[in-house]
Amino acid sequence: MNDKQTIREAEIEYCGTNIEYFIDTYGHIEDKDAVDLVQPFNMWQAQRDALKSIMSHRWNVILKARQLGFSWLVLHIAAHLLLTKRGSSVIGLSKTEEEAKELVRRLAVIFRYMPELIAEKDYEPMGWDGAVFKATALTLTIKFPDNTESVFKALASSPGAGRSFTVNLIIFDEWAFQQFAEEIWQGGFPTINRKGGGKVIGLSTIERGSLFETIFTDPDNGFNKIFIPWYVDPRRDDEWYEQTRKALGDLITAEYPATIEEALMVPGGAFFPEVKRDTHETDEELTGHLKRYVALDYGLDMLSAHWIAIDVNGDAQVYREYDAPDLTISKAAQVLLSISVDEVISGWLAPPDLWNRQRETGKSSADIFNENGIPLIKVSNDLFDGCVALKEWLRVRENGKPRLTFLKDTCPNVIRCLQKIQKDKKKPTVYSKIPHDLTHDVDSMRYFSVWWTTSPEKAKPERKKWRRSYIEDYRNASKEIKALMVKNMGEPIL
């Protein structure tokens with residue numbers, strides 16, 4: 001080992017124990033307001049405080065105002081780990097593939113501007129004998145002189161993202177806006193939940209109803225919570241804030257909050273504030289003559305189905321739910337039918353997009369459902385009409401009860417989604433389609449609500465056919481057994 005290599009290795013070793021020195025000495029960011037795009041990373045005090053806090057905790061969630069350079073800070077933490085801990089692995093998760101590529105591009109900029117410690121492959125100085133990095137669209141790999149490798153992989157949000165990797169660090173960039181956030185967290189958490197290892201950094205502006213909000217506001221989940229207000233950037237003053245407020249109006253509290261309370265007071269609010277467990281969830285099952293329907297929202301990303309019973313008074317009750325991703329239509333039909341065994345389903349309600357024919361086969365999704373034993377009924381997909389209809393079903397009447405209830409412990413996900421889904425910020429008369437994770441169950445309930453409102457159907461019982469042997473059993477049965485038979489079969493014709 002020559003003198004230069006010895007000095008370099010000693011410097012990297014020192015950086016490994018002093019990340020603040022590493023960033024101060026070698027860190028760079030892009031500043032589009034500067035004459036030269038790439039600038040040394042001169043951290044503000046709020047960034048230094050956040051850095052110390054992040055490095056002191058394994059699980060970190062950062063609620064921040066916009067455009068404060070914290071994505072660059074987190075990428076420097078990743079760069080420090082990759083370079084000073086050989087063989088380390090980091091995953092960066094973004095909303096889209098393009099944003100995932102941007103994480104890799106920025107990380108490459110960081111390494112490109114520390115030539116004393118690392119070189120880019122194919123651009124090594126003559127005689128270079130140190131670490132070399134190579135960046136592709138979604139991966140950055142560092143190869144060390146002893147042939148060990150550290151790897152950064154950027155992924156777009158998808159249900160299986162992060163599931164198959166054992167990593168030292170997972171970064172969730174703009175976490176509140178990532179689709180499939182809950183599935184990703186469920187799959188990715190075990191990859192870092194090792195004794196003594198594995199770190200999480202999730203950062204985002206707020207989006208009400210998101211997993212990010214749930215994690216940030218839960219006081220007992222073990223996460224280190226960091227809030228970064230708009231004014232930590234020393235270039236922002238009251239005049240800047242006032243000009244920004246005039247441009248954004250009430251939306252400024254979501255994009256540039258001054259306090260946590262302000263960040264959580266996003267304009268619009270919950271779309272179904274009337275939904276509460278003490279009024280809408282019940283352990284009293286509907287009885288008597290019932291008609292049963294299944295409303296479903298289907299896509300390869302998620303099948304969401306709800307079983308709804310309606311009595312002769314026009315009251316309805318959701319008594320079962322099913323949510324699962326990655327099901328083909330034939331598999332989805334098989335599952336739905338197996339769950340509905342021994343039940344007479346009066347109708348399978350679905351949105352009109354399932355009747356769109358595929359160019360390759362000439363068949364629609366509805367055709368394939370029908371071939372697999374489920375004849376779908378086409379319902380309106382008008383968002384406004386559906387929202388009005390669903391709110392009417394959920395409205396608490398003078399008797400303290402809504403027309404639509406949920407049987408206790410049978411459908412927790414749809415209740416959660418109804419309580420968390422927010423008003424659309426631009427169209428407050430409908431609910432927001434972001435985060436998309438919340439919409440599947442609510443869409444399913446919307447299809448039922450708007451169809452029943454406009455359908456000529458009446459809540460008349462569909463009686464199961466009473467066999468002669470059943471009638472004989474009924475005549476000889478106790479009161480309890482008779483009541484049970486009527487509940488399941490309707491009144492017999494004797």
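Annotations for the structure displayed:
- Other-chain or far-sequence residues with amide H under 5 Å of residue 363's (modelled H): 358
- Amide H within-cut-off set for residue 404, under 5 Å, with H built and near neighbours excluded: 316
- When the alpha carbon gyration tensor of the range 95-249 is reduced to an equivalent ellipsoid, its three semi-axes come out at 32, 24, 15 angstrom, largest first.
- The range 361-436-the range 84-99 distance, computed between alpha-carbon centres (Å): 36 Å
- Distance between the pseudo-spin-label points of residue 97 and residue 66 (7 Å out from Cα toward the beta carbon): 2.6 nm.
- For the range 192-304, average projected area of the Cα convex hull in nm²: 13.5 nm²
- Across the range 381-443, the relative contact order, built from alpha-carbon pairs under 8 Å that are at least six residues apart, equals 27 percent.
- Residues residue 477 and residue 182, FRET efficiency given R0 of 51 Å [Cβ-Cβ distance, rounded to 0.05]: 0.60
- Rel. contact order, % - alpha carbon contacts under 8 angstrom, at least six apart, the chain: 13 percent
- Cα gyration tensor shape for the range 199-252, rounded if a/c is under 1.5, else prolate or oblate: prolate
- Calculated diffusion of the range 381-432, Stokes-Einstein form, Kirkwood radius summed over Cα pairs, 10 °C and 1.306 mPa s, µm²/s: 128 µm²/s
- Cα-based Rg / Dmax (Å) for the range 1-158: 15.5, 48
- This model, with +1 at the C-beta of Lys and Arg and -1 at the C-beta of Asp and Glu, gives the range 280-381 a dipole about its Cα centre of some 640 debye.
- Available extension along the chain between residue 395 and residue 247 is 49.6 nm, counting 0.36 nm per residue and deducting the alpha carbon span.
- Taking amide H as placed 1.01 Å from N in the peptide plane, the amide H of residue 155 sits under 5 Å from that of 92, 93, 94, each at least 5 places away or on another chain.
- Taking packing as the residue-averaged number of other Cβ atoms within 10 angstrom, the listed peptides 77-83, 432-438 run from highest to lowest as 77-83, 432-438.
- Two-site label geometry, residue 49 and residue 357: point separation in nm, points 7 Å out along Cα→Cβ: 6.4 nm
- Positive-end residue of 82, 63, 53, charge dipole of the range 36-106 with Cβ unit charges: 53
- Paramagnetic reach from residue 139 in the range 56-80 [backbone N under 13 Å; point 7 Å along Cα→Cβ]: none
- Positive end of the dipole of the range 177-319 (Cβ unit charges, origin at the Cα centre): among 313, 186, 210, the Cα lying farthest that way belongs to 186.
- Over the C-alpha atoms of the chain, the Rg to Rh ratio, Rh being the Kirkwood estimate, stands at 1.09.
- Å² of accessible area per residue within the chain, as computed with a 1.4 Å probe and no ligands counted: 49 Å²
- Charge dipole magnitude, Cβ of K and R +1, D and E -1 - the range 1-156, Cα centre, debye nearest 20: 600 debye
- Sequence-distant lysines (8 or more away, or on other chains) whose Cα lies within less than 29 Å of residue 479: 291, 408, 460, 464, 465, 487
- Between the range 122-159 and the range 267-339, the alpha-carbon center distance in angstrom: 49 Å
- Rounded Å value of the spacing that divides the Cα centres of the range 57-81 and the range 223-263: 18 Å
- Note on the range 207-255: with charges restricted to the Cβ of Lys and Arg (+1) and Asp and Glu (-1), its dipole about the Cα centre is near 60 debye.
- Entries of 32/64; 64/95; 95/121; 331/433; 391/420 with Cα pairs more than 25 Å apart: 95/121; 331/433
The values are calculated or read from the model by the stated rules, or taken from the named source; none is laboratory data. Just so you know, these numbers come straight off a predicted model, no measurement behind them. Counting neighbours? That spans all protein chains shown, and the Cβs are built from the backbone with ideal geometry, glycine included. When the accessible area is computed, the model is the full protein with side chains, heavy atoms only, and any ligands, DNA or RNA have been set aside. Shrake-Rupley method; radii C 1.70, N 1.55, O 1.52, S 1.80 Å.
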